[in-house]
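Notes follow once the structure below has been shown.
Each value in this text was obtained by applying a stated rule to the coordinates, not by laboratory testing. A quick note: this is a predicted structure, and the numbers were derived from the prediction, not measured. Virtual Cβ from ideal backbone geometry, glycine too; neighbours counted across all protein chains shown.
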Amino acid sequence: MNKDLINSLAWGGGIVALALASTLARTLGHIDQETTLRIVLGATGLMIASFGDRIPKRFVAGAGARKAQRVAAWSMVLSGLIYAGAFIFAPITSAVMIGGGAVVTGMALTFGYCLSLRSRASAA
């Protein structure tokens, strides 16, 4: 099986297992609903950062594509860490805005950078 597929399935299975374990702990009265939410969404942010870390490890032929890969990797890692940190430390209502905003901003920066590379290549 492909190494990336195994890694992705492991992250997915890990988050499902973490969610089930957190739900069990909540049902038994060890943690509350907010803690369950923070655990699962914090792990989701770490998953985003992990996927961003894997982006530059893939080979692409063009120099522009490698530049886009680096920007995408940095934006995913940073936005994933901000997302995880927001759900770990900030109040839930703020964490939704901060974490979601960080991910959307990272995606927008990556998309904008790719468009700028494309327009520079067209102009040359």
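Where does helix 33-54 land angle-wise versus the long Cα axis of the chain, in degrees 0 to 90, nearest 10?
20
For Ala65 and Leu18 in one chain, what is 0.36 nm times their gap in residues minus the Cα-Cα distance, to one decimal in nm?
13.4 nm
Any chance you could check the Cα centroid distance between the range 88-102 and the range 105-121 for me, in angstrom?
One Cα centre to the other: 25 Å.
Over the chain, what is the relative contact order in percent, taking alpha-carbon pairs closer than 8 angstrom and at least six residues apart?
Once normalised by length, the contact order is 21 percent.
Calculated FRET efficiency, Cys114 and Leu81, Cβ-Cβ r, R0 25 Å, to nearest 0.05?
With a Förster radius of 25 Å, E is 0.70.
Less than 11 Å Cβ to Cβ from Leu117, Lys/Arg counted +1 and Asp/Glu -1: what total charge do the surrounding residues give?
Here the charged neighbours net out to +4.
Picking from Phe87, Met97, Ser116, whose Cα lies most toward the positive end of the charge dipole for the range 38-123 (charges on Cβ: Lys, Arg +1; Asp, Glu -1)?
Comparing the listed Cα positions along the dipole, Ser116 ranks first.
Under 9 Å from the Cβ of Pro56, count the other residues' Cβ atoms, weight Lys and Arg +1, Asp and Glu -1, and hand me the total.
+4
For Ile31, enumerate residues with amide H under 5 Å from its amide H, sequence gap 5+ or separate chain, H modeled in the peptide plane.
Arg26
Taking every eigenvalue of the Cα gyration tensor of the chain, multiplying by 5 and rooting it, what semi-axes result, largest first, whole Å?
Rounded to whole Å, the semi-axes are 34, 18, 7.
Report the relative contact order of the range 44-116, percent, no decimals, based on alpha-carbon pairs under 8 angstrom and at least 6 residues apart.
Contact order relative to length: 34 percent.
For helix 92-123, what angle does its Cα long axis make with the longest principal axis of the chain, in degrees from 0 to 90 and rounded to 10?
On a 0 to 90 degree scale, this one is about 10.
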